[in-house]
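The values are calculated or read from the model by the stated rules, or taken from the named source; none is laboratory data. These numbers come from a predicted model, not from an experiment. Note that we place each Cβ from the backbone using ideal geometry, even for glycine, and neighbour counts take in every protein chain shown.
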Ligand SMILES: [Zn+2]
């Protein structure tokens, strides 16, 4: 058999969230032909139409049978269907809605230099999780061959939140938790969301900085492109040039004793607000995020702690576009904050 153009390795995520690229796991050796087909199809994809970003995303998706090409389609103003979104649409069109039924699903991504691991954005994680679950594989490889990395969708997910003893945290947070619920109810615009579908995805938020509190609630429109609650709060903080968050509170709307499910798209927006603060202050920070459930009469029933970085492993961000882009972004924020 001819040697593969790519040398496949495995990604592992350790319990402290660190990731490492290791030799391809022995149980995956028989799948090299499959990974190669995924990357070959991605490499040949001509779907990308990146009129704003000039960033040609080349992807493919397939299962036991055919691999289908995918890529980014940009439109409007800096809006895009991402490669993963077009991949999901192509996959469902070809294979049907098949979460959990089709095995061996692989998403192939041409991802810059050899050894790079692709980082789907938060919104793409949401649609992939919904459609394919978290067991399928993502293969990242360079167009010119070399090291290609096999990861699992589960490497990009995080829901292992640690529970916090109520007594220790309530003094600090109680007032703001209750305010998050009452302000969130006032701010929310949601005439369309069916109450019985995914109640765990309904939540109100508050971003707390040294200067202020920014409450957020979802704004749902009839065309189903809502603004989620964290995004709503992030916009307020950005408008008053105050991205310097101390901590974040997220309160579930319904009465259940488990944490809210915060969409990855929303985690993505919070991550980028934090990056803005880091670029302005020159200091890295990872503020805590408190996930809260309440019982009737505003009685708090559970608090879980994570952080802006912990719950978005392998984040997508401006760093994916290189150091020049990061310098441009830092200059942009510094100039904006001086005015
Ligand atoms: Zn995306």
Within region 75-90, is there a residue that is more than 15 Å from the ligand (Cβ to nearest atom) and assigned to a loop (DSSP other than H, G, I, E, B)?
-> yes
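Residue-by-condition table, conditions (1) part of a helix (DSSP H, G or I); (2) touching a residue at least 60 places away in the same chain (Cβ under 8 Å); (3) in the same structural domain as residue 125 (by TED's automatic domain parsing); (4) surrounded by fewer than 13 Cβ atoms within 10 Å (Cβ to Cβ):
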| residue | (1), (2), (3), (4) |
| --- | --- |
| 259 | no, yes, no, no |
| 267 | yes, yes, no, no |
| 278 | yes, no, no, no |
| 285 | no, no, no, no |
| 292 | no, yes, no, no |
Going by the structure shown, is residue 110 within 12 Å of the chain's Cα centre (by Cα), touching a residue at least 24 places away in the same chain (Cβ under 8 Å) and within 25 Å of residue 37 (Cβ to Cβ)?
-> no
Conditions: (1) in a loop (DSSP other than H, G, I, E, B); (2) out of contact with any helix residue (DSSP H, G or I) (no Cβ under 6 Å at 6 or more places or on another chain); (3) modelled with pLDDT of 95 or more. Residue 232 meets all but one. Number of the miss?
-> (1)
Looking at (1) more than 19 Å from residue 6 (Cα to Cα); (2) buried (at least 16 other Cβ atoms within 10 Å of the Cβ), which is the one condition that is false for residue 147?
-> (1)
Determine if region 206-216 includes at least one residue that is more than 30 Å from residue 35 (Cα to Cα), in contact with a strand residue (DSSP E or B) (Cβ under 8 Å, 6 or more places away or on another chain) and not in a strand (DSSP E or B).
-> yes
Within region 34-43, is there a residue that is surrounded by fewer than 20 Cβ atoms within 10 Å (Cβ to Cβ), outside any helix (DSSP H, G or I), away from the ligand (no atom under 16 Å from the Cβ) and in the same structural domain as residue 125 (by TED's automatic domain parsing)?
-> no
If we scan region 98-113, do we find a residue that is part of a loop (DSSP other than H, G, I, E, B), modelled with pLDDT under 95, within 16 Å of the ligand (Cβ to nearest atom) and buried (at least 16 other Cβ atoms within 10 Å of the Cβ)?
-> yes
Please verify whether region 279-293 includes one or more residues that are touching a helix residue (DSSP H, G or I) at 6+ places or on another chain (Cβ under 9 Å), over 30 Å from residue 336 (Cα atoms) and modelled with pLDDT under 95.
-> no
Candidates 80, 48, filtered to the one that is more than 17 Å from the chain's Cα centre (by Cα) and more than 19 Å from residue 11 (Cβ to Cβ) | 48
Restricted to region 125-145, and to residues that are within 16 Å of the ligand (Cβ to nearest atom) and out of contact with any strand residue (DSSP E or B) (no Cβ under 9 Å at 6 or more places or on another chain), which residue is farthest from residue 104 (Cα to Cα)?
-> 126
Evaluation of residue 122 against (1) within 16 Å of the ligand (Cβ to nearest atom); (2) surrounded by fewer than 19 Cβ atoms within 10 Å (Cβ to Cβ) (one fails), failing number | (2)
For residue 160, all conditions in the list (1) surrounded by fewer than 19 Cβ atoms within 10 Å (Cβ to Cβ); (2) in contact (Cβ under 8 Å) with a residue 12 or more places away in the chain; (3) under 19 Å from the mean Cα position of the chain (by Cα) hold save one; what is the number of the exception?
-> (2)
Do we have residue 331 as in contact (Cβ under 8 Å) with a residue 12 or more places away in the chain, out of contact with any helix residue (DSSP H, G or I) (no Cβ under 6 Å at 6 or more places or on another chain) and surrounded by fewer than 17 Cβ atoms within 10 Å (Cβ to Cβ) here?
-> no
Got a sec? Which of 33, 115 is over 25 Å from residue 270 (Cβ atoms) and in contact (Cβ under 8 Å) with a residue 40 or more places away in the chain?
-> 115
